[in-house]
Amino acid sequence: MKTAIYPGSFDPVTLGHLDIIRRASIMFDRMIVAVLHNQNKRPLFTVEERMELLRRTTRDLPQVEVASFDGLLADYARVQGACAIVKGLRAVSDFEYEFQMALANRKLNPELDTVFLMTSAKYMYLSSSVVKDVAMHGGSVVGFIPDEIIPDIERRARKEG
Ligand code: PNS
């Protein structure tokens with residue numbers, strides 16, 4: 001059974017994330033979408049809320065499990081028996097940081113490889129930060145995130161804004 005982990009903050013999940021999840025989930029038997037507990041960032045959604053948004057939008061993908069983790073990703077991957085980390089690459093600017101993380105993670109866990117999927121061109125500009133910024137300024141996030149979670153994001157943005 002080949003297990004992969006797709007880690008991130010997912011605050012909130014975007015159509016770009018879902019494109020990577022969908023494409024990676026056909027390559028592995030089990031795909032864990034793992035939400036990082038990150039004390040340094042001030043998120044829009046709690047970890048539990050982010051997991052619920054992920055579960056709602058991946059419920060048609062039987063290989064996908066949604067979980068959360070803290071500490072080192074390399075250690076979490078070992079505990080889960082994962083052979084790969086999945087990452088999306090949007091642009092050359094993503095590469096340097098991701099390359100460094102991939103090498104560090106393999107040093108920490110030599111059984112772990114990082115698999116990079118190139119973003120679909122239509123999502124190149126997309127990130128959770130862009131979604132939050134647009135929503136907080138009252139703009140439309142149609143085409144950025146799945147339609148079914150738009151009311152959740154708009155409601156939260158109104159409350160925070
Ligand atoms: O969506 P993000 O915020 O860009 O995701 C970053 C994430 C979760 C992939 C990265 O911060 C991470 O792996 N954190 C776990 C801590 C860790 O293992 N750090 C060392 C990496 S070399």
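The numbers here are math on the coordinates, done by the rules we state, and not lab data. Only a predicted model underlies this, so the values are computations on that prediction, with no experimental measurement involved. FYI the Cβ positions are ideal-geometry reconstructions off the backbone, even for glycines, and counts take in every protein chain you see.
Here are the numbers for this structure:
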| quantity | calculated |
| --- | --- |
| FRET efficiency, 1/(1 + (r/R0)^6) with R0 35 Å, evaluated for residue 42 and residue 117 via beta carbons | 0.75 |
| Rounded tilt (10° steps) of 47-57 against the dominant C-alpha axis of the chain | 90 degrees |
| For segment 109-161, average projected area of the Cα convex hull in nm² | 5.5 nm² |
| Per-bin percent of Cα-Cα distances, the chain [5 Å] | 1, 9, 18, 21, 22, 16, 8, 3, 1, 0 |
| Rough spin-label spacing in nm, given labels placed 7 Å along Cα→Cβ, for residue 129 and residue 26 | 3.2 nm |
| Kirkwood estimate for segment 1-64, i.e. one over the average of 1/r between Cα atoms, Å | 12.1 Å |
| Theoretical ellipticity at 222 nm over the chain - DSSP helices of four or more residues, -39500 (n - 2.57) apiece, nearest 500 | -12500 deg cm²/dmol |
| Pairs of lysine residues in the chain - Cα separation under 20 Å, sequence separation of 8 or more or cross-chain | 7 |
| The chain: angle of helix 15-25 to the longest principal axis, Cα-based, in degrees nearest 10 | 30 degrees |
| Net charge dipole size for the chain [Lys, Arg +1 and Asp, Glu -1 on Cβ; Debye, nearest 20] | 60 debye |
| With Cα atoms, 0 to 90° folded angle of helix 92-108 axis to the chain main axis | 40 degrees |
